[in-house]
Amino acid sequence: MQQKRMGLKMVQNKISWLDVAQAELERANKNKQPKQLAKAAKLMSDAMPYNAEFAFQAGSALIFSKQSAQAIRYLSRSLKHKPNYINAMLAMAHANAELKNLKQAKHWLLEVKKINPKNKVVADNLNELEKALNANK
């Protein structure tokens, strides 16, 4: 019902398609719909490619919806515009680990460690990642 009203407002030029996309992003997030969230977040990021936060949201949503390969594109975009964005770096580590790119995952954890040596996520995951890398030798 809400979507129909928003569509009507858009047709009447009372709101923009960007407002509709933002509302869809919020709705999908609230309703815990990972595929719809990923779709809406990608739309927002593609509409505003210089917005690091929308790119991060898209990358995170893609990881959550088991599309880590696609997530790397958006996370890279996020880091291009905000190079020391720790959450995006951690998400890059996660996406690469999901894809079994363990050396890349380690790289991103070490980048976070340079910025924040006491980061809990790095502390919790770096040793396990090292073990996995050593097991693959």
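Fully extending the segment from Lys32 to Leu99, taken as 0.36 nm per residue of separation minus the present Cα-Cα distance, adds 21.8 nm. Among the listed pairs Lys42/Lys103; Lys39/Lys103; Lys35/Lys66; Lys66/Lys100; Lys42/Lys82; Lys103/Lys131, those with a Cα-Cα distance over 20 Å are Lys42/Lys103; Lys39/Lys103.
Look at the alpha carbon pairs under 8 Å that are at least 6 residues apart: their mean separation over the length of segment 2-135 gives a relative contact order of 14 percent. Relative to the longest principal axis of the Cα atoms of the chain, the long axis of helix 2-11 makes an angle of roughly 70 degrees. What aspartates and glutamates does Lys113 reach when the alpha-carbon gap must be under 18 Å and sequence neighbours fewer than 8 apart in one chain are set aside? Correct list for Lys113: Asp124, Glu128, Glu130. Placing a pseudo-label 7 Å from each Cα along the Cα-to-Cβ vector at Lys66 and Lys80 gives an inter-label distance of 2.9 nm. Values (i) 61, 24, 22; (ii) 57, 41, 33; (iii) 72, 27, 19 are given for comparison; Cα extents along the principal axes in Å, derived from the coordinates here, is the one labelled (i). The listed residues Tyr85, Tyr74, Tyr50, once ranked by accessible area (1.4 Å probe) with the largest placed first, stand as Tyr50, Tyr85, Tyr74. For the chain, the fraction of 1.4 Å probe accessible surface lying on carbon and sulfur atoms is 55 percent.
Once the Cα-Cα distance is subtracted from the 0.36 nm per residue extended length, the Asp46 to Lys113 segment shows a gain of 21.1 nm.
What segment 33-120 shows is 54 Å² of accessible area per residue, with the surface traced by a 1.4 Å probe over protein heavy atoms. The distance linking segment 72-91 with segment 43-65 is 10 Å (Cα centroid to Cα centroid, whole angstrom). Comparing Asn127, Asn84, Asn29 in a Gaussian network model of the chain where C-alpha atoms under 10 Å apart are linked, the largest mean-square fluctuation is found at Asn127. Only helical runs count toward this figure. For the chain, summing -39,500 (n - 2.57) over DSSP H runs of n ≥ 4 and dividing by all residues gives -25000 deg cm²/dmol at 222 nm.
The values are calculated or read from the model by the stated rules, or taken from the named source; none is laboratory data. Keep in mind it's a predicted model, so treat the numbers as computed, not measured. Note that we place each Cβ from the backbone using ideal geometry, even for glycine, and neighbour counts take in every protein chain shown. Ligands, DNA and RNA are stripped out before the accessible areas are found, and what is left, the full protein with its side chains, is counted by its heavy atoms. Shrake-Rupley method; radii C 1.70, N 1.55, O 1.52, S 1.80 Å.
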